[in-house]
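**Student:** Below is one structure. I have some questions about it.
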Amino acid sequence: MSASPETTSPAPMTAPPVAPASPAGQRAGMSALARVVLVLALLLAVAAAAAAGVAWRQVYLLQKQVSKQVADMGLQSRDSGTLARLASEQSREASAKVALLDQRVVQLDAQRAQVDSVLQGLSRAKDDNLLVDVDSVVQMGLQQTQLTGSVQPLLAALISSEKRLENVTQPRLVALQLAMAQDIEQLRKTSVSDVAMLATRIDNVLRQIDSLPLQSDMAPLPSTGGNAPVATRVPAGAPWWQQWWGSISDTALGLVRVRAIASRDAALLPPDQGMLVRENLKLRLLNARMALMSRQSELARNDVEQVQAQLKEYFQADSPLVDAAQKQLQEVHKNIHSAELPQIRGTLEALTAANAAASVAGN
């Protein structure tokens, strides 16, 4: 709201008039003021000088510190340059060494490849030589078995060859070892005549033919326990007449001997016919031996039976020599088997495959 027009401001108060100072007073006042100003100026000058000193001191210290840092940086720069040069030289040396090592590694790789090639060649040659040896041993054992009619040579050859193949790692030789193991089991289960043993027994009988007593021979037979003379039954302390009678009885029994003869013709056989009988037996035994060697079991068995029959008919059955010959012939007759020699097809096929693989690897 505006003030009413009737309201009036009071009249201003006026100061009483001051009387002007005198000139002397004015000079005194100016002198005091000058002194104050001078003191203040001096103080300001001192303060400015102190501030300037402090600032100069700080600038000096700062300059000194900066100079030191610059010097340190220069030293560090020189050290860094030296280190850089050393690092560069070491880097070049390391690069040269790495290049040399790379060259050595390449040479070593080449040498290792050569050594591996030589070792593989030696291993292959060793395996090939082993294969050749095994093949030779098996073929030799097979030939001996075919000649003798016994499986023992072939079985021994397979067993020795299998042992030599135990540590091999070549797949073709491992397959050969497995085939040999199967054939070995088959041979062990096969019943085949031992031709060598049977031929030896036939030879033993053949050598005894000339010493066997014929039934027509009059040579006294060795006394046995059941046919002992009476004198051997007389006690040692018997009277003299009993001992005398025993001696006479012994003499009478020695003059006459009764023996049962199965064939009348055998008893009347003349000496020249006895020689023919012996030769006939020898021929029969030789035929039996040849039949065994040629694996004709039936012929060998028939010849042995004929020899046994003639020994029983023409020779003294109670003779120990004849009895021993008959026992040997019985053993031969019992061990003549008609089974054919077993075939080792697995081993032969594995040998053929291994030889073919060796030929391919060699080419």
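The values are calculated or read from the model by the stated rules, or taken from the named source; none is laboratory data. Everything numeric in this text was worked out from a predicted model, so none of it was measured. Reconstructed Cβ throughout: ideal geometry from the backbone, glycine too, with neighbour counts over all protein chains shown.
**Student:** Restricting to the range 294-309, give me the number of residues that are touching a residue at least 24 places away in the same chain (Cβ under 8 Å) and buried (at least 16 other Cβ atoms within 10 Å of the Cβ). Explain how you work it out, then say what you get.
**Tutor:** The initial filter retains those residues of the range 294-309 that are touching a residue at least 24 places away in the same chain (Cβ under 8 Å), namely 295, 297-298, 300-301, 304-305, 307-308.
Pick out the ones that are also buried (at least 16 other Cβ atoms within 10 Å of the Cβ) and you get 295, 297, 300-301, 304, 307-308.
Summing the residues that are touching a residue at least 24 places away in the same chain (Cβ under 8 Å) and buried (at least 16 other Cβ atoms within 10 Å of the Cβ) in the range 294-309 gives 7.
**Student:** While we're on this one: Across the range 113-144, what is the number of residues that are modelled with pLDDT of 80 or more, surrounded by 12 or more Cβ atoms within 10 Å (Cβ to Cβ) and not hydrophobic (A, V, I, L, M, F, W, C)?
**Tutor:** 7
**Student:** Using the structure shown, decide if residue 295 is of a type outside the set (Ser, Thr, Tyr), assigned by TED's automatic domain parsing to the domain that holds residue 210 and at pLDDT 90 or above.
**Tutor:** Numbers: of a type outside the set (Ser, Thr, Tyr): yes; assigned by TED's automatic domain parsing to the domain that holds residue 210: yes; at pLDDT 90 or above: no.
So residue 295 fails the test.
**Student:** Given the residues 168, 132, 137, which is the only one that is within 30 Å of residue 182 (Cβ to Cβ) and not in a helix (DSSP H, G or I)? Explain how you work it out, then say what you get.
**Tutor:** Numbers: 132 fails: not in a helix (DSSP H, G or I); 137 fails: not in a helix (DSSP H, G or I).
Only one candidate passes the filter, namely 168.
**Student:** Checking the conditions here, which among 97, 68 is of a type in the set (D, E, K, R), at pLDDT 80 or above, more than 60 Å from the chain's Cα centre (by Cα) and surrounded by 10 or more Cβ atoms within 10 Å (Cβ to Cβ)? Steps first, please.
**Tutor:** Values: 97 fails: more than 60 Å from the chain's Cα centre (by Cα).
Result of the check over 97, 68: 68.
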